[in-house]
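Since the structure comes first, as structure tokens, the remarks are kept for the end.
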Amino acid sequence: MKRIDKQCLVCGDGFLPKSVTSVYCSPKCSKRAYKFKMLQLKKEAVINALADKIPKDRIFISVAEAGILFGVAKRTLYRLVGQGKIPSVNLGTRLLRIDRRVMQELYGPARSLRQTESLPNKKLYSLEKEDCYSIGEIAHRFQISEGSVYSHIRKYSIPTRQIGKHVFAPKSEIDDLYNGNDFI
Ligand SMILES: [Zn+2]
């Protein structure tokens, strides 16, 4: 049976997947994807911290604040304000204020609310036992030492879960990391 090439999600090259879940052509691309994901998560954390500082009961917010709360580019907001699609109050030069309630109507709940609402399905991985490998399984499966597994888990901030004496890590994250398994 002819194996079908997949396209790498990072570099776009065709490759022969080692398993049905393989989405990256090489450990290099897998690592790049992981770094990118971590960077996005860090950015999210920074934006969330900024959003938390904006008082929830303040109706009139600046364009920058609206951008943070509703995830819309400032440039887009200024354009919509200019077109009269978002009503605004001008408190002076560079002191444009827009109504939070109008933003909510246009874009849905603000970030902090949206975040808590969608938390259960926002998970990127599952830590259920059947979706995880133990460290021993990983070492055996990918032919590396348990020590290396632990150091990679730390290096790439892969989540883990301890059940009894054993430490488990999500299969999805581990497969992504070692996909291709000819590095190390
Ligand atoms: Zn690739």
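Of the residues making up segment 157-177, those that are closer than 22 Å to P17 by Cα and not hydrophobic (A, V, I, L, M, F, W, C) number 6. The set of residues in segment 133-152 that are open to solvent by less than 50 Å² (accessible area, probe 1.4 Å), within 11 Å of Y178 (Cα to Cα) and out of contact with any Asp or Glu (no Cβ under 9 Å at 6 or more places or on another chain) comprises F142, I144, V149, H152. Number of residues in segment 1-42 that are out of contact with any helix residue (DSSP H, G or I) (no Cβ under 8 Å at 6 or more places or on another chain), part of a loop (DSSP other than H, G, I, E, B) and open to solvent by less than 50 Å² (accessible area, probe 1.4 Å) equals 4. Against the condition modelled with pLDDT of 90 or more and in the same structural domain as P170 (by TED's automatic domain parsing), how does L39 come out, does it pass? It is true that L39 is modelled with pLDDT of 90 or more and in the same structural domain as P170 (by TED's automatic domain parsing). From the residues in segment 103-117 that are surrounded by fewer than 16 Cβ atoms within 10 Å (Cβ to Cβ) and outside any helix (DSSP H, G or I), which one is modelled with the lowest pLDDT? In this case the residue turns out to be P109.
Taking the options R75, R58, name whichever one is open to solvent by 70 Å² or more (accessible area, probe 1.4 Å), out of contact with any Leu (no Cβ under 7 Å at 6 or more places or on another chain), part of a helix (DSSP H, G or I) and not aliphatic (A, V, I, L, M). Of R75, R58, the one residue that is open to solvent by 70 Å² or more (accessible area, probe 1.4 Å), out of contact with any Leu (no Cβ under 7 Å at 6 or more places or on another chain), part of a helix (DSSP H, G or I) and not aliphatic (A, V, I, L, M) is R75. Among all residues of segment 118-126, there is none that is part of a loop (DSSP other than H, G, I, E, B), polar (S, T, N, Q) and either in contact with a His (Cβ under 6 Å, 6 or more places away or on another chain) or modelled with pLDDT of 90 or more (or both). For segment 59-88, the tally of residues that are touching a residue at least 12 places away in the same chain (Cβ under 8 Å) and farther than 17 Å from G108 by Cα stands at 3.
The values are calculated or read from the model by the stated rules, or taken from the named source; none is laboratory data. Predicted model, so just to flag it, every value in this text is computed and none were measured. Reconstructed Cβ throughout: ideal geometry from the backbone, glycine too, with neighbour counts over all protein chains shown. Surface areas here come from the heavy atoms of the whole protein model, side chains and all, with no ligands, DNA or RNA. Shrake-Rupley method; radii C 1.70, N 1.55, O 1.52, S 1.80 Å.
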